[in-house]
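Before any comments, here is the structure.
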Amino acid sequence: MAKTLVVGGVTMPCPSKFEWGLQDVSAADSGRVEDENALMYKNRIAQKVKIGLEWVAVSDADAATILNAFDPEYFDVTYHDPKANATVTKTFYRGDASAPAYWWVDNNNGFTYETISFNIIER
């Protein structure tokens, strides 16, 4: 089965970068004990996936597809998870996005964006 990225039921153009990460969420009372051993008490209460995404040389049409799919406050993403070695669906939100223009054409041919990039973080 091909590995695809589906957001809210819409298949995304293949990203140039897909960087999977796992973040620990620790309890508020986590920290080091102030004694001679300085033991760390992490008190992990959850783990959340963070994915760095980037597309390179993006057309107007693909930019609109990507940016609109990731625009809602929360959205479902189906992707291949390397830890599970399976295709999974999880709910995410998006961090700050950027889309610097690479080529600005004034003859109705539209724009080409150098990149579109942002992180998505599991809710």
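For the range 106-123, taking the residues that are acidic (Asp, Glu) and in contact with a strand residue (DSSP E or B) (Cβ under 8 Å, 6 or more places away or on another chain), the one that is modelled with the lowest pLDDT is identified as GLU114. Of all residues in the range 1-13, those satisfying the criterion of being surrounded by 12 or more Cβ atoms within 10 Å (Cβ to Cβ) and not in a strand (DSSP E or B) are THR4, LEU5, GLY8, MET12, PRO13.
Table: residues versus (1) within 24 Å of THR115 (Cβ to Cβ); (2) touching a Lys or Arg at 6+ places or on another chain (Cβ under 7 Å); (3) charged (D, E, K, R).
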residue	(1), (2), (3)
ASP29	no, no, yes
VAL49	yes, yes, no
VAL56	yes, no, no
GLU73	yes, no, yes
TYR79	yes, no, no
PRO100	yes, no, no
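Just one of the numbered conditions (1) surrounded by 15 or more Cβ atoms within 10 Å (Cβ to Cβ); (2) within 17 Å of the chain's Cα centre (by Cα) is not true of GLN47: (1). Exactly one residue among THR78, THR87, THR91 is without any contact (Cβ under 8 Å) to a residue 40 or more places away in the chain, assigned to a strand (DSSP E or B) and not aromatic (Phe, Trp, Tyr), and that residue is THR91.
Look through ASP81, ASP29, ASP62, ASP35 and report the one residue that is over 17 Å from ILE120 (Cα atoms) and surrounded by 14 or more Cβ atoms within 10 Å (Cβ to Cβ). Steps first, answer last, please.
Details: ASP81 fails: over 17 Å from ILE120 (Cα atoms); ASP29 fails: surrounded by 14 or more Cβ atoms within 10 Å (Cβ to Cβ); ASP35 fails: surrounded by 14 or more Cβ atoms within 10 Å (Cβ to Cβ).
The conditions single out ASP62.
Of the listed requirements (1) under 18 Å from PRO82 (Cβ atoms); (2) surrounded by 13 or more Cβ atoms within 10 Å (Cβ to Cβ), LEU22 misses just one: (2).
The values are calculated or read from the model by the stated rules, or taken from the named source; none is laboratory data. These numbers come from a predicted model, not from an experiment. Reconstructed Cβ throughout: ideal geometry from the backbone, glycine too, with neighbour counts over all protein chains shown.
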